[in-house]
Every structure is written in structure tokens, then in C-alpha cells.
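Notes follow the structure.
The values are calculated or read from the model by the stated rules, or taken from the named source; none is laboratory data. Keep in mind it's a predicted model, so treat the numbers as computed, not measured. Heads up, the Cβs are rebuilt from the backbone with ideal geometry, glycines too, and the neighbour counts pull from every protein chain shown.
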Amino acid sequence: MNELPVIDLGDALDDIGVAIDRACRDVGFFTAVGHGVAPDLFTDLRACAAAFFARDEFTKSAIAMSRGGSAWRGWFPLHGELTSGVPDDKEGLYFGTELPLDDPRVRAGIPLHGPNLFPDHPNELRDLTLEAIASLRNVGERVLTAMALGLGLPTHWFSSNLTADPTVLFRIFRYPPHTSRLGPDQWGVREHTDYGLVTVLAHDGTPGLQVHAPNGWVDGPTDPSTFVVNVGDMLEKLTRGRYRSTPHRVANESSHDRYSFPLFLDPSWEATVVELPLGASDSDARPRWDGEDPVAWSGTNGNYVTTRVARVFPDLFAAIDE
């Protein structure tokens, strides 16, 4: 394998389900075409994001994540996020489902629930971000609908059992050229896996994404009209390893910034993921980057996500947890 499988989401659901099942068994990633999202959306979002990131740090800090409280929303600076305890060579913005302050979950202080933080300028960033969240969520829900068929489940199994009130998180990441790195062993983001069910990633076409396929590292697509979809830890647990939560990493070796826009479509916060009666995949079981086993996890999706995010921003988590 030297490239990710390509799946047309405009095909019949049964056909998509078969293709997704094969891709998730083989590598845990695929390139999605035929998704129906207008390409101008992410071209415009990239331009707005670039305008925001070009501002000075004092101005950007008006929406710093420390101001978002337990909702974990807002801006973090270059080298401000950790993977395996090492700073990533990126800066970014954290968003999620827009919730008012009087929402019961917000009033209860449930982590990752709350209103988003948006800058005053560019003011178009708010509407474009919310449109991107809605569009990528629709893509993710179509993937889960087809995936259910591929697993031999009813069409609406995921929405009926795990995602009636999904945890939806969205990020905008800027990866600067490699000249900004703190050291030779620093990555845009080091080898890692995602936490939840599926990730739907829009991107600007700049190379950098690398996926640890069974036979080695494979580059992600460079066509900005395509999306990348991958399996998360909770989907690996659900399928008892039939679908692998595949390690991946980012290294921007270009001479310009690289932008990516991942949406994480995850189980409801209080959902407990119970394994389906499926046989494990026959793909190789090489050790995970973190030495852990999602199938062995016991607890709610919210607890799992919280423990993982706490490792990414330990100082922020400690301040909120006090």
C-alpha cells in the first residue's frame, strides 16, 4: 500500500459500507470524495484563519483557551500543545458544538461543553467555522450510516446507540514551515491516534500527513477537494480491534504554512462503548504509540476523552481542575 483507499461517498450506501469495512480493516484510514461539500468553504476558512493567526500574540490571547474554562475552546500558541509530552510545532483554535451558557451541561461544568470563543477580527471566522462544523458532521454521519451496514448493523445503529447527542469537536491547525521547529526531533504533531469514533479531516492540500499503514508510512492526499476519514480509539474498542485506530503524524516540509481542519465525531459524553460481537482484524497488531489498548478501556466516553485531553494541555487542565 502506497496510498490511502479512495471511497466515493456519493455511491449507494451498501457499496460505501463494503468499501469502508475493507478500508477500516486494512489501514483505518481512507480518502473521501463525492462528499458534496463546496470547496470554497475551506478556501475561505483558511483565508480567515490565516488572517487571525497573523495577528500578534497579545491580540490572539483575547480568545486564549484559558478564557474558555472547562469548555476547552479558543486559541493556543505555537508549541502550546503536547503530544507524548513534547511540544507540537503548530498553533490552533479549538471549537465544538455551540452551546449557550444556560445549557444544563454548561451550567454543570461538563468538560468540552460550552460556547465557542471567536475573535472580533476577522468577523467572518464565526460563520465559516459553524458552517464547516455542520458540513463535516454531515459527512461523518453519512460515514457512520454506511459503516453500520458494513458491520452488518441496522442503518441507524450509531445514532440510536452512541451518537444521539454526539460529542462534536473541531480544530483549525496551522503548521508552519519546518524552520520554526524547536529541535530536529520535533514534529508538527508526533505519532498519535484519535480518541473517538471517526475523524473527518479537511485540508489545504499541503503535504505533511503520514499514516502508519501495515507496511510502513503512507502519505495523505494532496488534493484539497478531498477529505481524510480515520478510525478513533472508541471505534477500535467497539469493533474489538476489527477496525484499527491507526497512528498518524504530521511533518510540514514545505516552505509555507499548512492548514488542516479536523472534526471529531464521537459518542455522547455519557455513553459507555460496549464491544460488538465481532472477530478481531487479521491485520498486524504492532504496539501502539502509547503502549495502551483501547479495547481494555472501561468507563464513559467523556472520561476517556478527558484523560487524553489532559495530557495535551496539562497546565490548563490542572488550572481548571483546581
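A few remarks follow.
- Yes/no for ILE172 being touching a residue at least 12 places away in the same chain (Cβ under 8 Å), aliphatic (A, V, I, L, M) and crowded, with 21+ Cβ neighbours inside 10 Å: yes
- Scanning segment 35-62 for residues that are of a type in the set (A, V, I, L, M), over 21 Å from the mean Cα position of the chain (by Cα) and not in a loop (DSSP other than H, G, I, E, B) yields ALA51, ALA62.
- Residue check for GLU81: at negative phi, charged (D, E, K, R) and modelled with pLDDT of 95 or more: no
- Test: residue in segment 154-168 that is touching a residue at least 24 places away in the same chain (Cβ under 8 Å) and either basic (Lys, Arg) or under 24 Å from GLU3 (Cβ atoms) (or both): no
Condition check ((1) out of contact with any His (no Cβ under 8 Å at 6 or more places or on another chain); (2) farther than 14 Å from ASP194 by Cα; (3) at pLDDT 85 or above) across all residues:
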| position | (1), (2), (3) |
| --- | --- |
| SER283 | yes, yes, no |
| PRO294 | yes, no, yes |
| SER298 | yes, yes, yes |
| ASN303 | yes, yes, yes |
| THR307 | yes, no, yes |
| ASP315 | yes, yes, no |
| ILE320 | yes, yes, no |
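- Scanning segment 34-57 for residues being surrounded by 16 or more Cβ atoms within 10 Å (Cβ to Cβ), under 19 Å from THR226 (Cα atoms) and either in contact with a Pro (Cβ under 9 Å, 6 or more places away or on another chain) or charged (D, E, K, R) (or both) gives a total of 3.
- The residue that is nearest to ARG308 (Cα to Cα), among those in segment 170-192 that are in contact with a Pro (Cβ under 9 Å, 6 or more places away or on another chain) and modelled with pLDDT under 95, is HIS192.
- Taking (1) among the small types (Gly, Ala, Ser); (2) modelled with pLDDT under 95; (3) surrounded by 19 or more Cβ atoms within 10 Å (Cβ to Cβ); (4) within 18 Å of the chain's Cα centre (by Cα) in turn, GLY96 satisfies each apart from (2).
- Meets criteria (in contact (Cβ under 8 Å) with a residue 40 or more places away in the chain and under 20 Å from HIS203 (Cβ atoms)) for ARG249: yes
- Restricted to segment 113-128, and to residues there that are touching a residue at least 12 places away in the same chain (Cβ under 8 Å) and closer than 17 Å to PHE261 by Cα, the residue that is surrounded by the fewest Cβ atoms within 10 Å (Cβ to Cβ) is GLU124.
- Residue that is surrounded by the fewest Cβ atoms within 10 Å (Cβ to Cβ), among those in segment 63-90 that are of a type in the set (Gly, Ala, Ser) and part of a helix (DSSP H, G or I): SER66
- Within segment 10-25, tally of residues that are crowded, with 20+ Cβ neighbours inside 10 Å and either over 20 Å from the mean Cα position of the chain (by Cα) or outside any helix (DSSP H, G or I) (or both): 2
- Search result, residues across segment 249-266 that are of a type outside the set (Phe, Trp, Tyr) and within 19 Å of TYR94 (Cβ to Cβ): VAL250, ASP257, ARG258, SER260, PRO262, LEU263, LEU265, ASP266
- Picking from residues in segment 129-142 that are crowded, with 19+ Cβ neighbours inside 10 Å and hydrophobic (A, V, I, L, M, F, W, C), the one that is farthest from THR155 (Cα to Cα) is ALA132.
- You will find that of THR222, THR155, the residue that is part of a loop (DSSP other than H, G, I, E, B) and touching a strand residue (DSSP E or B) at 6+ places or on another chain (Cβ under 9 Å) is THR222 and no other.
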